[in-house]
Amino acid sequence: MFEGAKKKVLFSELQKFPDVPFELSVICDKTVYASDIADSIRNVDKKLIRNISVITVYEGSPVPEGSKSVSFEIVLGADDKTLSSQEIEKLQNGIMDAVKKKGYSIR
């Protein structure tokens, strides 16, 4: 009865080093796609930025008329080590600089 029922078992190795999540809220024109902002963030360091998720999109006071606030959770991490506080700070500053260079504001 069960002879032909073979399942392929897939697994992924558990992470050896911790991820570092942080949140960033960006003010942009309401016509801007969140994915465009995420691409700018991702291009800072594709290896150490593990994940970018949109948490909320908000329009209304105190966000200026015609604009929106997009909040992201950005997860940083490395496969071969725990990131130092200096590395984390450098990445966070690089992300904020990249966002500002695109003309967006940090909330």
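When you scan segment 82-102, do you find a residue that is among the small types (Gly, Ala, Ser) and either touching a Leu at 6+ places or on another chain (Cβ under 6 Å) or without any contact (Cβ under 8 Å) to a residue 12 or more places away in the chain (or both), even just one? Scanning segment 82-102 turns up at least one residue that is among the small types (Gly, Ala, Ser) and either touching a Leu at 6+ places or on another chain (Cβ under 6 Å) or without any contact (Cβ under 8 Å) to a residue 12 or more places away in the chain (or both).
Let me confirm something: among 88, 55, which residue is part of a helix (DSSP H, G or I), β-branched (Val, Ile, Thr) and modelled with pLDDT of 95 or more? Outline the logic, then answer.
On the way: 55 fails: part of a helix (DSSP H, G or I).
Testing whether each residue is part of a helix (DSSP H, G or I), β-branched (Val, Ile, Thr) and modelled with pLDDT of 95 or more leaves just 88.
What number of residues within segment 66-107 are in contact with a Gly (Cβ under 8 Å, 6 or more places away or on another chain) and among the aromatic types (Phe, Trp, Tyr)? Steps first, answer last, please.
So in segment 66-107, the residues in contact with a Gly (Cβ under 8 Å, 6 or more places away or on another chain) come out as 83.
Remaining after also requiring among the aromatic types (Phe, Trp, Tyr): none.
Qualifying residue count for the region: 0.
Mind listing whichever residues of segment 31-48 are farther than 19 Å from residue 93 by Cα and not in a loop (DSSP other than H, G, I, E, B)? Steps first, answer last, please.
Within segment 31-48, the subset farther than 19 Å from residue 93 by Cα is 31-35.
Within segment 31-48, 34, 35 meet the criteria.
Any residue at all in segment 83-100 that's among the charged types (D, E, K, R), under 30 Å from residue 16 (Cα atoms) and surrounded by 13 or more Cβ atoms within 10 Å (Cβ to Cβ)? Yes.
The set of residues in segment 59-81 being farther than 18 Å from residue 40 by Cα, touching a Ser or Thr at 6+ places or on another chain (Cβ under 9 Å) and either surrounded by 16 or more Cβ atoms within 10 Å (Cβ to Cβ) or in contact (Cβ under 8 Å) with a residue 40 or more places away in the chain (or both) consists of 63, 67.
The values are calculated or read from the model by the stated rules, or taken from the named source; none is laboratory data. Just so we're clear, the structure is a prediction, and the values are computed from it rather than from any experiment. We place every Cβ from the backbone using ideal geometry, glycine too, and count neighbours over all the protein chains shown.
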